1. Kindly provide the Kirkwood hydrodynamic radius of the stretch 38-111 in Å, to one decimal, from all pairs of distinct alpha carbon atoms.
2. Would you mind pulling out the separation of the Cα centroids of the stretch 4-40 and the stretch 59-116, in Å?
3. Would you work out the Kirkwood radius for the chain? I mean one over the mean of 1/r across all pairs of different Cα atoms, in Å.
4. Can you list residues whose amide H is under 5 Å from Asn22's amide H, if they're 5+ apart or on another chain and H is modeled 1.01 Å from N?
5. Given the pairs Lys16/Lys124; Lys25/Lys61; Lys61/Lys95, which span a C-alpha to C-alpha distance of over 20 angstrom in this model?
6. In deg cm²/dmol, rounded to 500, what helix-only [θ] at 222 nm does the chain give when every DSSP H run of at least 4 residues adds -39500 (n - 2.57) and the total is split over its residues?
7. Just for the chain, what percent of DSSP beta bridges are antiparallel, to the closest 5?
8. Listed here are the pairs Lys2/Lys66; Lys2/Lys23; Lys53/Lys98; Lys6/Lys26; Lys9/Lys103; which of them are more than 28 Å apart at the Cα?
Amino acid sequence: MKYGEKEIKKFDINSKEHYWANKHKKSYVIHIELPEFMCRCPRSGYPDFATIKLSYIPSAKVIELKAIKLYINSFTDRYISHEDSANEIYDTLYKKLKPNWMKITADFNPRGNVHTVIEIDSDKL
């Protein structure tokens, strides 16, 4: 196993070290785009690819960029649906960050003539 694979395998998104104090009191938006998301279809095992877009207005914490990269990469060998992966990412990050606002967009590449986009916005829940 190569060092990157080891790092992804042992990664835990819940570790305190992945979240930093937000030093700024003003309201601002952080946009993060992760264009290489991959998971596997739970029925067929075929790979599913997506671009994950995370936008949030931080309150007390921000997420370290390497941590979000490793978290997204940890889905690579998981058998999980489009809906479940987008909701898990949203729920995990929302719980840990407790942002003033957050939006996740999971834009999956077309497969079999179907294009899926899943959007979860804390203002619309």
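1. For the stretch 38-111, inverting the mean 1/r across all distinct Cα pairs yields 12.9 Å.
2. Here the answer is 10 Å between Cα centres.
3. Numbers: mean 1/r = 0.0657 Å⁻¹.
Averaging 1/r across every pair of different Cα atoms and inverting gives 15.2 Å.
4. HN-HN under 5 Å from Asn22: Lys61, Val62.
5. Exceeds cut-off: Lys16/Lys124.
6. Values: 3 runs with 33 residues, N = 125.
That comes out to -8000 deg cm²/dmol.
7. Values: 26 of 27 bridges.
The antiparallel fraction comes to roughly 95 percent.
8. Details: Lys2/Lys66 18 Å; Lys2/Lys23 36 Å; Lys53/Lys98 18 Å; Lys6/Lys26 38 Å; Lys9/Lys103 26 Å.
Correct reply: Lys2/Lys23; Lys6/Lys26.
Read-outs throughout are calculated quantities, based only on the coordinates presented, and are distinct from any laboratory measurement. For clarity, every value in this text was computed on a predicted model and none was experimentally measured. Heads up, the Cβs are rebuilt from the backbone with ideal geometry, glycines too, and the neighbour counts pull from every protein chain shown.
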